[in-house]
Amino acid sequence: MLTGIAFKIASTLFFSAMLALVKYYSAIPVSELVFFRSSFALIPLVFWLLARGDFPRALHTRNLGGHLVRSLAGVGSMSLMFAAYGFLPLADVTAIGYAAPLLIVVFSALLLREKVTGSRWAAVLIGFAGVLVILWEHLGRHADQRASFGALCAFSAAVLVSIAMIQTRRLTKTEDTGAIVFYFQTSTTVASVLVMLAAEVWPNAAPFASAVQSQAWVWPSSADWWPLIALGLLGGVGQIFMTQSYRFADASIIACFDYTSMIWALIIGLLFFNEAPRDIALVGAAIIASGGLLAIYAERAAQKRS
């Protein structure tokens, strides 16, 4: 179990660095950011499989439909989360995203039939109270419209993330980590290219013309290529670590360690974006983390009794 936890914490660090780049380049179309994130993430994956001596054997799959479900949920969550970073501070999006591990606990019980103790259900209730504290500010009557849109994007992304992670847990029972990551990254790359191609040919008179056309490719400057490529490389390593974590521990346990990402978000937001921690986000995140710590403590106590 400790191996799975270590993989999860490492993945949050790599993902936080990646998301800092996403926020910095939030003026670039989301489809283009998704393309860089997915296509260049294939590079560390291939090298990792070569180092294991498993390329291309590890890419064999017996569950292409399962990969498709995971990929659809993944590309939706990625796109919505990337959009949210253009409207909200780094810490706020991270805190709202904490709804995902709470939903994973629920879906673990309903879909994976994992045993979820009463303490974990208590953690879910406490955690959702924290999420509501954060959402209340952005969705209230006097909330800024851009912030409200960002909050809705972040919460919707959290729902899709939870579905993607549950599907990942299912796939780890029969599929190699390399196959899970490869089919996700490839599907997401293809989806982003299709969106950008559609944006180039979408008629001005067609429905949603402005929204679709805004996703057309914007050629990066020479100075921007390396950071955008790094965005994908960081995401690729983080994806490998995250997928591995679900192989060594229950999804409902791994979910508790998503909270470490708030530490990275606060540090990065302050140092690179001059985003001072906001009281309401800190209060909400503290409530959520308290629920997670309660679940971890109760789990350890139960293991000692058994």
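Got a sec? How would Ser192, Ser156, Ser71 order by Cβ neighbour count within 10 Å, fewest to most?
On the way: Ser192 26, Ser156 19, Ser71 22.
With the fewest neighbours first, Ser192, Ser156, Ser71 line up as Ser156, Ser71, Ser192.
So, by mean Cβ neighbours within 10 angstrom, what's the order for 171-178, 271-278, 240-247 with the highest one leading? Kindly include the intermediate steps, with their values, before the conclusion.
On the way: 171-178: 19.0, 271-278: 13.0, 240-247: 22.2.
The peptides rank, most packed first, as 240-247, 171-178, 271-278.
In terms of Cα to Cα distance under 14 Å, which aspartates and glutamates are near enough to Lys173, apart from those fewer than 8 places away along the same chain? Cα-Cα hits under 14 Å: Glu114, Asp250. For chymotrypsin sites (Phe, Trp or Tyr not before Pro), the sites in the stretch 136-208 that DSSP calls loop and that have at most 16 other Cβ atoms within 10 Å are Phe208.
Shape of the stretch 1-96 from its Cα gyration tensor (a ≥ b ≥ c, root eigenvalues): rounded if a/c is under 1.5, otherwise prolate when a/b > b/c, or oblate? Taking the square roots of the gyration eigenvalues as a ≥ b ≥ c, the stretch 1-96 is prolate. Applying 1/(1 + (r/R0)^6) with R0 = 22 Å to the Cβ-Cβ distance of Ala6 and Phe47 gives a FRET efficiency near 0.60.
Only helical runs count toward this figure. For the chain, summing -39,500 (n - 2.57) over DSSP H runs of n ≥ 4 and dividing by all residues gives -25500 deg cm²/dmol at 222 nm. A straight line joining the Cα centroids of the stretch 181-260 and the stretch 60-111 runs 12 Å. This model, with +1 at the C-beta of Lys and Arg and -1 at the C-beta of Asp and Glu, gives the chain a dipole about its Cα centre of some 1020 debye.
Counting only other residues whose beta carbon sits under 15 Å from that of Leu19, what net charge do I get with K and R as +1, D and E as -1? Mind dumping the intermediate values first?
Working: positive: Lys23, Arg37; negative: Asp92, Asp258, Glu275.
With Lys, Arg at +1 and Asp, Glu at -1, the neighbours total -1.
Extending 7 Å from the Cα toward the beta-carbon at both Ala122 and Leu270 defines two label points whose distance is 3.2 nm.
Packing here is the average count of other Cβ atoms within 10 Å per residue, and on that basis the peptides 161-167, 75-81, highest first, run 161-167, 75-81.
Grab the Cα-Cα distance for Leu139 and Val69, subtract it from 0.36 nm times how many residues apart they are, and report the gain in nm with one decimal.
Using 0.36 nm per residue and subtracting the Cα-Cα distance, I get 22.2 nm.
On the beta carbon distance between Ala223 and Arg57, with R0 = 45 Å, the FRET formula returns roughly 0.70. By definition, a body whose alpha carbon gyration tensor gives a ≥ b ≥ c is oblate when a/c is 1.5 or more and a/b is not larger than b/c, and the chain fits this oblate description.
In terms of other Cβ atoms within 10 Å, Trp217, Trp225 run from fewest to most in the order Trp225, Trp217. Given labels modelled 7 Å from the Cα in the Cβ direction, how far is it in nm from Leu197 to Arg113? If labels sit at Leu197 and Arg113, their model points lie 4.2 nm apart. Within the listed set Trp264, Trp219, Trp48, the Gaussian network model of the chain (springs between alpha-carbon atoms below 10 Å) gives the highest mean-square fluctuation for Trp219. Find the relative contact order for the chain and round it to a whole percent, using C-alpha pairs within less than 8 Å whose residues are 6+ positions apart. That works out to 41 percent.
Just so you know, all these numbers are worked out from the coordinates, no wet-lab data involved. As the structure is a computational prediction, the values presented were derived from the model and not from experiment. Cβ atoms come from the backbone with ideal geometry, glycine included; neighbour counts cover every protein chain shown.
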